[in-house]
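Structure, as structure tokens:
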Amino acid sequence: MSNVGFRIFKKVNRPGRELIDAFAGLPVANIADEMNRFSCVAARIKAVNKALLLGPAFTVKARIGDNMLFHKALDLAEPGDIIVVDVQGDTVNSVTGEIMMRQALKKGLGGIVIDGAVRDIGALREMSMPIYAAAVTPQGPYKDGPGEINVPVSIGGVVVNPGDILAGDADGIVVIRPQDAAVIAAKAKAKQQKEAETFKAIEAGTLDRSAYSDEAFIKKGCQIIDDFYR
Ligand SMILES: O=C([O-])CC(=O)C(=O)O
Ligand SMILES: [Mg+2]
């Protein structure tokens, strides 16, 4: 493929729905913990509404301030897909709004993630489809291209390949490679169950706090002073 920067790959190697659904109901924080606390999209990319994100990535590399390729992705993406838009973090121009998001909703897309800005935020906040973005501005997009569809992109410091699994909640988004997904989902589920037991122990007053005892701190070299600061 020679026309780097202006090309469209129509096919995405999507993981099976069963593999994706293994993450349903798991807090994103627990999933990320089981990836050694890596692979989370930068905190500036936030949920616009309360809808939970889970699905395979359909990627767009957009020219700054331009959404021609994003519009094309709306036509090419399949129900359940998450359109991931890399505009290099630029927030001077919004690259989507209510008209486009109504089309995404109508198509049954899994969600939209933009390392950039949106507009028509009042309507987007009320939508049942998950939308994540870095900023809001009324200043709209141009529609000229170039750009690319379904190549690896970078959003919030994380590489996203077409077909990677994205999971998002109020905390943010984690990106999972399909080949690692089964193991990570199993570990995250076990962690969630362990946390449920921790919550019960907190209520029962039986939670083991020995890791934070005075002895544990002294062993680390901490000075513990039974007096006022003066
Ligand atoms: O003009 C655009 O392409 C973005 C927008 O506001 C909309 O989709 O409503
Ligand atoms: Mg609009």
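Counting only protein heavy atoms and a 1.4 Å probe, tell me what percentage of segment 9-93's accessible area is made up of carbon and sulfur.
Using a 1.4 Å probe with all protein chains present, segment 9-93 comes out at 52 percent carbon and sulfur.
Can you return the aspartates and glutamates within cross-link range of Lys106? Criterion is Cα-Cα under 18 Å, with same-chain partners fewer than 8 residues away left out.
Correct list for Lys106: Asp75, Glu78, Asp81, Glu98, Asp120, Glu126.
Any chance you could check the Cα centroid distance between segment 177-230 and segment 65-134 for me, in angstrom?
Segment 177-230 and segment 65-134 have Cα centres spaced 38 Å from each other.
Using the alpha-carbon atoms, what tilt in degrees (0 to 90, nearest 10) does helix 98-107 show relative to the longest principal axis of the chain?
The angle comes out near 80 degrees.
What size of dipole, in debye to the nearest 20, comes out for the chain about its Cα centre when the only charges are +1 on Lys and Arg C-beta atoms and -1 on Asp and Glu C-beta atoms?
Working: 28 positive and 28 negative charges, 118 e Å.
It comes to approximately 560 debye.
Give me the accessible area per residue for the chain, probe 1.4 Å, as a whole number in Å².
Accessible area per residue: 56 Å².
Over segment 7-179, what is the relative contact order in whole percent, taking alpha-carbon pairs under 8 Å and six or more residues apart?
Details: 452 pairs, mean separation 60.9, N = 173.
Relative contact order here is 35 percent.
Pairs Lys10/Lys191; Lys11/Lys107; Lys11/Lys187; Lys189/Lys219; Lys11/Lys50: which exceed 26 Å Cα-Cα?
Values: Lys10/Lys191 37 Å; Lys11/Lys107 18 Å; Lys11/Lys187 31 Å; Lys189/Lys219 34 Å; Lys11/Lys50 30 Å.
Violating the 26 Å limit, Cα to Cα: Lys10/Lys191; Lys11/Lys187; Lys189/Lys219; Lys11/Lys50.
So between Arg230 and Lys11, what do we pick up on full extension, going 0.36 nm a residue minus the alpha carbon distance?
Stretched out fully, the Arg230 to Lys11 stretch lengthens by 72.0 nm.
Give me D for segment 29-170 in µm² s⁻¹, whole number, from Stokes-Einstein with Rh from the Kirkwood sum over alpha-carbon pairs, 10 °C and 1.306 mPa s.
Here the translational diffusion coefficient equals 109 µm²/s.
Out of all DSSP beta bridges in the chain, what portion is antiparallel? Express it as a percent rounded to 5.
Looking only at bridges with both residues in the chain, the antiparallel portion is about 45 percent.
By how many degrees, between 0 and 90 and to the nearest 10, does the Cα long axis of helix 178-204 differ from the longest principal axis of the chain?
40 degrees
Using just the helices of the chain, give the 222 nm mean residue ellipticity in deg cm²/dmol: DSSP H runs with n ≥ 4 each add -39,500 (n - 2.57), and the total is spread over all residues, rounded to 500.
-8500 deg cm²/dmol
Within the set of other residues whose C-beta is less than 14 Å from the C-beta of Glu34, count the net charge using Lys and Arg as +1 and Asp and Glu as -1.
Taking every Cβ under 14 Å from that of Glu34, the sum is +3.
The values are calculated or read from the model by the stated rules, or taken from the named source; none is laboratory data. In this text, all values refer to a predicted model and were calculated from it rather than measured experimentally. Virtual Cβ from ideal backbone geometry, glycine too; neighbours counted across all protein chains shown. Calculation scope for accessible area: heavy atoms of the full protein, side chains included, ligands and nucleic acids excluded. Shrake-Rupley method; radii C 1.70, N 1.55, O 1.52, S 1.80 Å.
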